[in-house]
Amino acid sequence: MARNITPRKENYSQWYLDVIKAAGLADYAPVRGCMVIRPTGYAIWENVQAKFDAAFKKTGHVNAYFPLLIPDSFLRKEAEHVEGFAPECAMVTHAGGEELEEPFAVRPTSETVIGYMYSKWVQSWRDLPVLINQWCNVMRWEKRPRLFLRTSEFLWQEGHTAHETEQEAREETLRMLEVYRSIIESELAVPVIAGEKTAGERFPGAVDTYTCEAMMSDARALQAGTSHFLGQNFAHAFEIQYQDRNGELQYCWTTSWGVSTRLIGALIMTHSDDDGLIIPPRIAPVKAVILPISKSESVAENDILPKAKELSAKLDDELGGMYSQVDTDFHMRPGDRFFTHLQKGVPLRLELGEKDIASGTVRLVRRDTGEKLDVQADAVIPAVKNILADIQANMFARAKAFRDSNMHDAKSYDELKAIIAESGGFVRAYFGGTPEDEVRIREETGATPRCVLPGGDKGKCIITGNDNARLTIFAKAY
RNA sequence: CGGGGCGUAGCGCAGUCUGGCUUAGCGCGCAUGGUUCGGGUCCAUGAGGUCGGAGGUUCGAAUCCUCUCGCCCCGACCA
């Protein structure tokens, strides 16, 4: 049992921070609310990025870069947008030793600058659609930061598209929601529910907001990705207009969508255990670690290490895209070395000791289950491949089973209150109330509507009693 | 912004009420040596501190007084 990690049951928040620290993913920066993403954490982010980026390219998007500083006046052009973001904006008021005529906001999101640029670039229906994504950092001043989940500065991706018709823009919004759902589930092994946000939870300036909602291992919800149908709101604010096929001037329909380094928080809180981090193989920077083991340091280094290196090279070659690492910390005892990799979440450990060499086998140890398996040396490569695939599948299945076992139904508001108070988790209920009702529910229960389930399932609202309320998931959220 | 708490070694803390008995300690970590070694061995030695900062009281301040800076927790707020 780990001695540097607070047990999850004892103190969930502390456990989360301990896991991050033990795995060396991130550290606090000198500026409050900011974090340093350390090499191990950044390697995970690079892998996450690579998966999404490839999917964006496949759906026809291209990358570009827009500036960090946004004129204050831009944010003010869309009424709801400024109201939503003003409180968390960091403003640059001085530069070059002088006070600026107009302050700049450090971007909290880029709809406004991008809208401004699109208005210059779009003239004709032939210029549409515009499908641009950018990978960048953003800043939203947070009063209660938590590593990865809510930091003042974070890394993300924001896609911004402009379309000729409402239908096209709506399709784009849903297409990207589906891209998110599929990658988060297949690569990060985090099960999510993709649905619509209620009015009170909508992005400031959006007509409709969609979300991928995940359940963490304390049964609280985490928004893992959002996609917004912006209607013509930003097109009106920034005059993104084009001449249609009849020569008439029209406003574009726009969308935006994003995922952030918060996904790493989701990863940690979905899969890890009291021993530390567990990373799904498909995004693990090191998928398998090979440990030469011997009582004698010189035997380990001279006799076993070459075999370990050979095995590592073979794994990397034959399982293209694989990445294995050889542990050469011979001065440490095996137990210490095991723990190091355990806490870093490496999916698979290959032990190569004198006993194994004598018997012509390699010992494989799974991080997700702790299961040990002795495999014939010549069968190691296919075995590794199969086990990694199985770990990936098992991690997803396990997380999904946990979520499903914490899914409840409430027929009335009282029932919803009781479930949230007693067991927590996700609660399905018919809801058709106003943002004011949402506030009241939050104040009274601590839970918020996380997302409206897709499909036409409708019933009697637990608040208003009206029919035609949509089935909505409520939960306490991060 | 309101309420509470805390700043002493890399981390976690004791010492502060009752100033001197501490050369400012302890645990973890770190370094070196030995021992052990297939899920965190055990032992020895050692390095490491402007006690958050400034001013004051005193023969003497981590300890008392004044001011100041920073952080954490709860609340409020928050895609």
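The values are calculated or read from the model by the stated rules, or taken from the named source; none is laboratory data. This one's a predicted model, so the numbers in the text were calculated from it and none came from an experiment. With ideal geometry, Cβ positions are generated from the backbone for all residues, glycine too; neighbour counts draw on all protein chains shown.
Residues in the stretch A:281-313 that are part of a helix (DSSP H, G or I) and of a type in the set (Ser, Thr, Tyr) were compared, and the one that is modelled with the highest pLDDT is A:312.
For the stretch A:412-441, give me each residue that is within 12 Å of RNA strand B (Cβ to nearest atom) and in contact with a Pro (Cβ under 9 Å, 6 or more places away or on another chain). I'd like the intermediate steps shown before the answer.
Step one: list which residues in the stretch A:412-441 are within 12 Å of RNA strand B (Cβ to nearest atom), which gives A:435, A:438-440.
Hit for the stretch A:412-441 is A:438, nothing else.
The lone criterion from (1) away from RNA strand B (no atom under 16 Å from the Cβ); (2) part of a loop (DSSP other than H, G, I, E, B); (3) touching an Asp or Glu at 6+ places or on another chain (Cβ under 7 Å) left unmet by residue A:67 is number (3).
Residues of the stretch A:45-76 that are touching a strand residue (DSSP E or B) at 6+ places or on another chain (Cβ under 9 Å) and under 16 Å from residue A:267 (Cα atoms): A:45, A:48, A:49, A:52. The set of residues from the stretch A:307-321 being within 16 Å of RNA strand B (Cβ to nearest atom) and more than 32 Å from the chain's Cα centre (by Cα) comprises A:307, A:308, A:311.
Here's the yes/no breakdown for (1) hydroxyl-bearing (Ser, Thr, Tyr); (2) closer than 25 Å to residue A:311 by Cα; (3) under 21 Å from the mean Cα position of the chain (by Cα):
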{"residue": "A:375", "(1), (2), (3)": "no, yes, no"}
{"residue": "A:379", "(1), (2), (3)": "no, yes, no"}
{"residue": "A:387", "(1), (2), (3)": "no, yes, no"}
{"residue": "A:394", "(1), (2), (3)": "no, no, yes"}
{"residue": "A:402", "(1), (2), (3)": "no, no, yes"}
{"residue": "A:405", "(1), (2), (3)": "yes, no, no"}
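Residues of the stretch A:1-37 that are surrounded by 15 or more Cβ atoms within 10 Å (Cβ to Cβ), in a loop (DSSP other than H, G, I, E, B) and either within 18 Å of the chain's Cα centre (by Cα) or touching a residue at least 24 places away in the same chain (Cβ under 8 Å) (or both): A:2, A:5, A:8, A:24, A:25, A:33, A:34.
Matching residues to (1) crowded, with 20+ Cβ neighbours inside 10 Å; (2) within 27 Å of the chain's Cα centre (by Cα):
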| site | (1), (2) |
| --- | --- |
| A:297 | no, no |
| A:323 | no, yes |
| A:331 | no, no |
| A:351 | yes, no |
| A:358 | no, no |
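Scanning the stretch A:279-291 for residues that are out of contact with any strand residue (DSSP E or B) (no Cβ under 6 Å at 6 or more places or on another chain) and surrounded by fewer than 19 Cβ atoms within 10 Å (Cβ to Cβ) turns up nothing. Residues in the stretch A:146-163 that are among the hydrophobic types (A, V, I, L, M, F, W, C) and in contact with a Gly (Cβ under 9 Å, 6 or more places away or on another chain) were compared, and the one that is surrounded by the fewest Cβ atoms within 10 Å (Cβ to Cβ) is A:156.
Just one of the listed residues (A:62, A:48) is among the β-branched types (Val, Ile, Thr) and surrounded by fewer than 16 Cβ atoms within 10 Å (Cβ to Cβ), and it is A:62. Residues in the stretch A:97-129 that are under 20 Å from residue A:80 (Cβ atoms) and outside any strand (DSSP E or B): A:107, A:108, A:109, A:110, A:111, A:112, A:113, A:114, A:115, A:116, A:118, A:119.
The rows are residues; the columns are (1) in a strand (DSSP E or B); (2) of a type in the set (D, E, K, R); (3) farther than 22 Å from residue A:286 by Cα.
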| residue | (1), (2), (3) |
| --- | --- |
| A:351 | yes, yes, no |
| A:362 | yes, no, no |
| A:370 | no, no, no |
| A:382 | no, no, no |
| A:387 | no, no, no |
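Criterion applied to A:84, A:96, A:115 was being closer than 19 Å to residue A:202 by Cβ, away from RNA strand B (no atom under 11 Å from the Cβ) and of a type outside the set (Lys, Arg), and the one residue passing it is A:115.
Considering the conditions (1) modelled with pLDDT of 95 or more; (2) of a type in the set (Lys, Arg); (3) within 22 Å of the chain's Cα centre (by Cα), residue A:120 is excluded by exactly one of them, (3).
Working carefully through the options A:343, A:392, find the one that is touching a residue at least 60 places away in the same chain (Cβ under 8 Å), surrounded by 19 or more Cβ atoms within 10 Å (Cβ to Cβ), away from RNA strand B (no atom under 11 Å from the Cβ) and closer than 30 Å to residue A:222 by Cα.
On the way: A:343 fails: away from RNA strand B (no atom under 11 Å from the Cβ).
None of the other options fit; the residue is A:392.
Look at the stretch A:133-153: where a residue is assigned to a strand (DSSP E or B) and a partner is acidic (Asp, Glu), sitting 6+ places away or on another chain with Cβ atoms under 6 Å, you get A:134/A:158; A:137/A:153; A:139/A:153; A:150/A:142.
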